[in-house]
Structures are given as C-alpha cells and as structure tokens.
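Working notes for the structure below.
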Amino acid sequence: MILGLRIAIRFLKSNKGQTLLIVLGIAIGVSVQIFIGSLIQGLQKGLVEKTIGNSSQITITSGKDENKIKDYEQLVEKVNSIDVNISAVSVSSDNAAFLEYNGNSQSLLVRGFKIDQADDIYDIYDRITEGSYPQNENEILLGIDLKENYDLNINDKVVITTTKQKMTECKVVGFFDFKVSSINSNWGITTLETAQKIFEAEGSITSIEIQVTDAAVFTTDDIATVIKDSINRQDLKIVHWKEQNESLLSGLQGQSISSYMIQVFVMISVILGIASVLAITVIQKSKQIGILKAMGIRNSSTRYIFLFEGFILGLFGAILGILFGLGLSLAFTKFALNPDGTPVINLYINYSFILLSGIIAIIASVLAALIPAVRSSRLNPIDIIRNN
Amino acid sequence: MNKILELNNVNKIYGTEIKNQVLYDINLSFEEGSFNSIIGQSGSGKSTLLNIIGTLDKATSGDVLIEGKDIKCMSANQLADYRNRTIGFVFQFHYLLPEFTVLENVLMPYRIQNGKVTRDMIRKAEETLKLVGLDKVKDNLATKISGGQQQRTAIARALINNPKMILADEPTGNLDSDSTETIYDLLRNINEEYKTTFIIITHDKRIAEKADRIVEIKDGRINLDLRK
Ligand SMILES: Nc1ncnc2c1ncn2[C@@H]1O[C@H](COP(=O)(O)OP(=O)(O)OP(=O)(O)O)[C@@H](O)[C@H]1O
Ligand SMILES: [Mg+2]
C-alpha cells in the first residue's frame, strides 16, 4: 500500500499538467455544487424565515367550544422543558371585539400577551414605530394602518366592545408595524391581564404559541408530536406550521429536488471526467505497470496505485473546490449588494454541507478510479515485455 | 547438483486463427549455481523461451517446474512473489521506470518486497551501482542517462534482491566490447560468489564461450547443448 501511494504520487508528479487539469475539473465541480447548494439553501431559509419567522410554529389551543385553557402555568412550564429545540413559548388570550373611535367602528382581534414572552416570537419591541408597549391596565398597542385610517394619536382613548356588548375604554400607548397589512389593520396588543379582564376570562388563556430553533424548523412536526405525547391532554389541539403551509412546503421540496438533481449531475460529470482521464493514464502507464509486474508487484498493489491517484486527485480537487466555492459565495454576499447594503442573494453557508460535498467528491474520485484500477490489475506483463 | 528449473515438452504456439508454433517440445533443465548461455538466430524463439522460464509467459503445452513444483499450481500472487524474490530480470530492452531515478529504479524490487527501504539497503544499492560504474548518475532520472547506462542500471536492479536466478536477454546489446567484457566479468563474479544461476541470451560468441553451458536454439528446437 505504501508502495502504491509512492508510485501514485510519482506518476501524478511526473505528469503535472494533466494532474492539475483533473484537480481543476474536480474543483470546479465541487465549487459549483457548493455554490448552488448554498444558494438554494439560502433562498429556502429566507422564504421560511419570511413565512414563519415571526409567527407561531406550534400552537396549542383548546379543543372545546369555549376556547379556554385553564391551569396554563404548569402546562407552559412543561412545554418549556420538553425539547431543547423549543426556543420560545408564549401564552396569549385572543378575543374578537370591536374597536370604536370617533364614530368609526371595525372588528379587532385583541391579543393579550405577556409582552416579554411574545417578543421572543413577534419581535414586538423592534416593531414599535411610535410610543411604547402596554404595561398597565387598559393600555393598547395598535397597528399603523389604524393610525392612518382613523387619524389616531398616542394617548387617544378608544373603546373596545366585546361580543357580549361589554365596553372598555383603553389608552393607545403606541403603534406597531408588522409589515403585514392584515395584522397592521386588525390586531390590538395588550397585556394578558387586561385581555383577561375585558373578556371576563381571568385565569385562562386561549392559546400557547411555540417557536423552535432554526435547526429544527423542518422537524417541527416531530416536536409537535413529542409535545402532544408528553402533555397527553385530549382536550387540547396542537397544530404546527407544516400542516398550515403545505403549498410552501411542496414548493420548497420541488426546489430541493431540482437542486439535488443539479448536484448529482455535476458529480456524475466529474466522475466521468476522472474515470476517463484515469483510464487514459492506465494506458499511458501500461509499460510501467508491466515492468513492475515482471518484477513481482502484486495485482492488488497496482490497483492501489490508481485508487490512490483517484484519492489524491479527489482530495486536492475537493480542497481547491471548497476554497473556490466559499470564495465565490463570499464574493456574492459581500459585493452583490442591494442599495440598502443587504446582499442581493442571501447565501446560506452551511459548513457541514460543504464538508459533505468535499467528502462526496473524494469518494466519487476513488470510485471513478476503480475501473482503471481493475484494468491495471488485469494487465499482463508479457504483452509489454514482448512488444517493447 | 540440484535442478533449479526444469522444462518438460514445452510447446509455444502464438495466435489462435493462424497458428505460429515458435517452440517445439523443449526439454531442458538448469542446475543451481550454473552459468548458462542461450544462442540462436533472430526469431528462433530465445526470448519466448526465457519469458516462459521467467513465468511471465505461459507455455501452450508442457510443464515448467520450479524446484520440482509445477507453476500451473501457483496463484498469481505466488508467481509474483516468486518472481520478486527468486528471479532477477534483465530484458532485451532496459525497461526502467522513467518517473524514478536510477537509484530508485535499482531499489524497486526491494520496495515491492518490503514496502520500505532501509539505510543499509540504500548503501547496498549504491555499492551495486558503483560496481556497474554508475555511482555518478545515481540521482538522475532513468530517462536522463545513455542507453548503455540504462542497461547497466537494469543489471544493478536485477541484482538487488540477491535472486537465486538471473534471466538476461542480451544484457549487453547496447554496450561497447570493453564494457561488455566488464559486465560479464561482473556477472561471473556474482555467479561464483553467491552461486546465482544465470541464463543469458547473447549474440556474442566470445561471451557464450565463457559460459559453463551453451544451448543453441534453431527454429524453436534445441540444436546444440554443450557443457564444459
Ligand atoms: N506476440 C507474438 N505473436 C505472434 N508471434 C510472435 C509474438 N512474439 C514473437 N513471435 C514470433 O515468435 C518467434 C520468436 O520470437 P522471439 O522473440 O522469441 O525470438 P528471438 O529468438 O528472441 O529473436 P531476437 O534474437 O531477434 O530477439 C518470431 O518468429 C516472432 O515472430
Ligand atoms: Mg529476443
């Protein structure tokens, strides 16, 4: 084996131009693979982030008509400790109501949050464009669309009317912008206590909202199942984002498949390239192989020569390809910028994916060397000795 | 003396459609430690015979026995190991590895056997190269020396594993008569010192006459078998 490696290195060194060409070929394949992979993963991440980044990914609601979850404190505590991939848990008391101001009236979803918890999911603090967040009783945060529609100002009083016709006067403490018009014109955010009071639901909530870590976004369904099993409450309903976004998921899946296809074909072309060049090398080196065999080298050792050639070419091709791929990706994120300084294409540099691409390239190169290796072991020394 | 090698009724036919018989019922045996020469006209079948003796080629029919053992019963790996340990080849054309230096070429049979080369072995290779007058060019690539030097490198390579038997096909074909003389004296010395068996094909009558035995091949048959 050592001899095989030694001879492989010497063969590669003695044919520097050819060696460099194959390494470059592999490197280009690997870098294309890394670039396309990073691009598709970046696009998908961006899309998922936009769709579910600021919303509940797993929601626990009551399965019963009156929509109330009592004894929620223990439940929240339990959910918090179920899975390390759960990154945020927030309770809310959501109720439909009417908003009345200055003779105008419209429907409003009043969401009572523990603001700190809800911020983990909705980034509430960052989204406040004016004023502050509700802290005291009967304070409310409204969307900027309402401010424009009704000419509202901070410290104005609005009236919230429940479906049971109970009226409560609330003070507007600020405005938020979620960049989604249905939210900006329909949500009113208040504290959990205020919501519970207005809607006469002390001691209960309507839902527990959960977010998971980025790494677990696509296994949210599994986490939902774990939660379901461990809280084991038939009266609660658990839904996750994957059930609610099937078309997005199938779109992502299609994209993934086409990205895999591209990567597979890039790899196949690299393998064919290496295999054909190494096949030529066997012919080029058949005289040497014949001489070595006459001197008593075993067939297995000649196989090692070409397998090592494949391995070395793959290794250097992979290293160079990773450098190219990373360089290309970084150049894109650094230099192809929108006017506001954000990158035009958001690449996702996933190091384990990059490492995997490199390893696949090395394995592919060794596999590609298999045919020439077997061919070399079949070479008969007498054919070389006789034919000079 | 022990028979190191025995050929029984060996025939060699080239080609399957148009048959070309090159060797006819060869019966030959060689004694351990003997110095043999094979002569004959060009195309008479000398190289073919030597390749069969060296297990590189297979006889169409008949048996080749090495120390009493039929080579038909040996696996490819056994044959390779046998060639490596027991036979030193010097081919009609030098057949060095162009990617390696003179010294590395000489050490190659040892490397095939042991993987790694010891300091002692390098010293031995250098001494052997000195013996054939190549100590000055030992670090040249095998392609960067003259034809005669290449032939001498091949001789040094054949000696490195202390083989029991050296098969040489016109080893001095490219050398002037002085060098030829020197090389033969060298081979003869090795033969006497290490009891190495030599089977040498040569066109040079003077050289053949120095051997213990002359075998003449004519049209694939043994025409003459002279022992001193
Ligand atoms: N591969 C082959 N296929 C068919 N015929 C062959 C082959 N190799 C050799 N021959 C024939 O076998 C005969 C003997 O060849 P061989 O090489 O043994 O001769 P030789 O005695 O070594 O000659 P020289 O002194 O020129 O080297 C020749 O007639 C040659 O044409
Ligand atoms: Mg010949």
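Bear in mind these aren't lab numbers, they're just calculated from the coordinates by the rules spelled out. Being a predicted model, the structure only gives us computed values, none of them experimental. Every residue, glycine among them, receives a Cβ derived from its backbone with ideal geometry; neighbour counts consider all protein chains shown.
Observations
- Inter-chain neighbour count for B:53-64: the average number of beta-carbon atoms from partner chains within 10 Å of each residue's beta-carbon is 2.
- Stokes-Einstein D for segment A:254-373, Kirkwood Rh over Cα pairs, 37 °C, 0.692 mPa s (µm²/s): 197
- Positive-end residue, segment B:1-77 charge dipole about Cα centroid, Cβ charges, pick of B:Ile18, B:Thr60, B:Ser42: B:Ile18
- Looking at segment A:64-234 alone, DSSP beta bridges between its own residues are antiparallel in about 75 percent of cases.
- Low-density loop positions, chymotrypsin sites (Phe, Trp or Tyr not before Pro), segment A:45-108 - DSSP coil, at most 13 other Cβ in 10 Å: none
- Farthest toward positive dipole pole in the protein assembly as shown [+1 Lys/Arg, -1 Asp/Glu at C-beta], among B:Asn223, A:Ala294, B:Tyr184: B:Asn223
- Taking each DSSP H run with n ≥ 4 as -39500 (n - 2.57) and averaging over every residue of the protein assembly as shown yields -16000 deg cm²/dmol at 222 nm.
- Rounded to whole Å, the principal axis extents of the Cα atoms in segment A:64-234 read 50, 32, 24, largest first.
- Exceeding the 26 Å Cα-Cα cut-off - candidates A:Lys114/A:Lys157; B:Lys164/B:Lys210; A:Lys293/B:Lys136: A:Lys293/B:Lys136
- For the residues of B:42-52, the average number of beta carbons from a partner chain within 10 Å of their own beta carbon is 1.
- Cα-projected label distance for B:Arg85 with A:Lys78, points at 7 Å along beta-carbon direction, nm: 7.5
- For segment B:185-218, the set of trypsin sites (Lys or Arg not before Pro) satisfying both a DSSP loop assignment and a count of at most 12 other C-beta atoms within 10 Å is given as B:Lys195.
- Basic side chains Lys and Arg get +1 at the Cβ, acidic Asp and Glu get -1 at the Cβ, and with that the dipole of segment B:1-91 about its Cα centre reaches some 200 debye.
- Counting only DSSP beta bridges whose two residues both lie in chain A, roughly 80 percent are antiparallel.
- Treating r as the C-beta distance of A:Val264 and A:Ser55 and R0 as 35 Å, the FRET efficiency rounds to 0.50.
- With R₀ set to 30 Å, the beta-carbon distance separating B:Ile18 from B:Leu226 gives a calculated FRET efficiency near 0.30.
- The angle separating the long axis of helix B:147-159 from the principal Cα axis of greatest extent in chain B is about 80 degrees.
- Inter-centroid distance (Cα atoms) of segment A:259-285 relative to segment A:110-158, Å: 61
- Counting only residues at least eight positions apart within a chain, or on another chain, the aspartates and glutamates with an alpha carbon under 17 Å from that of B:Lys116 are B:Asp81, B:Glu104, B:Glu126.
- Relative to the longest principal axis of the Cα atoms of chain A, helix A:246-284 runs at roughly 10 degrees.
- For the pair A:Asp123 and B:Met74, label points projected 7 Å from Cα toward Cβ lie 7.8 nm apart.
- Residue ranges A:82-90, A:326-334 sort as A:82-90, A:326-334 when ordered by packing (mean number of other C-beta atoms within 10 Å per residue, highest first).
- Among the residues of A:378-386, the average count of other protein chain beta-carbon atoms within 10 Å of the residue beta-carbon is 5.
- Cα-based helix-to-principal-axis angle, A:220-231 vs chain A, degrees rounded to 10: 60
- Cα-Cα separations in segment A:62-107 greater than 14 Å, expressed as whole percent: 66
- By the rule of a C-alpha distance below 27 Å, with chain neighbours fewer than 8 residues away ignored, the lysines paired with A:Lys45 are A:Lys179, A:Lys228, A:Lys242, A:Lys334.
- Centre-to-centre, using Cα atoms only, segment A:167-224 and segment A:3-71 are separated by 34 Å.
- Along chain A, longest interval not containing exposed GluC sites (Glu not before Pro), exposed being DSSP loop plus at most 15 other Cβ atoms within 10 Å: A:203-388
- Rg to Rh quotient for the protein assembly as shown, alpha carbon positions, Kirkwood Rh: 1.35
- Computed P(r) (all Cα pairs; segment A:177-319; 10 Å bins; percent): 8, 18, 19, 14, 11, 11, 9, 6, 3, 1
- Distance between segment A:311-385 and segment B:172-225 - C-alpha centres, whole angstrom: 56
- Take each peptide in B:141-151, A:31-41, count the other Cβ atoms within 10 Å of every residue, and average; sorted highest first, the result is A:31-41, B:141-151.
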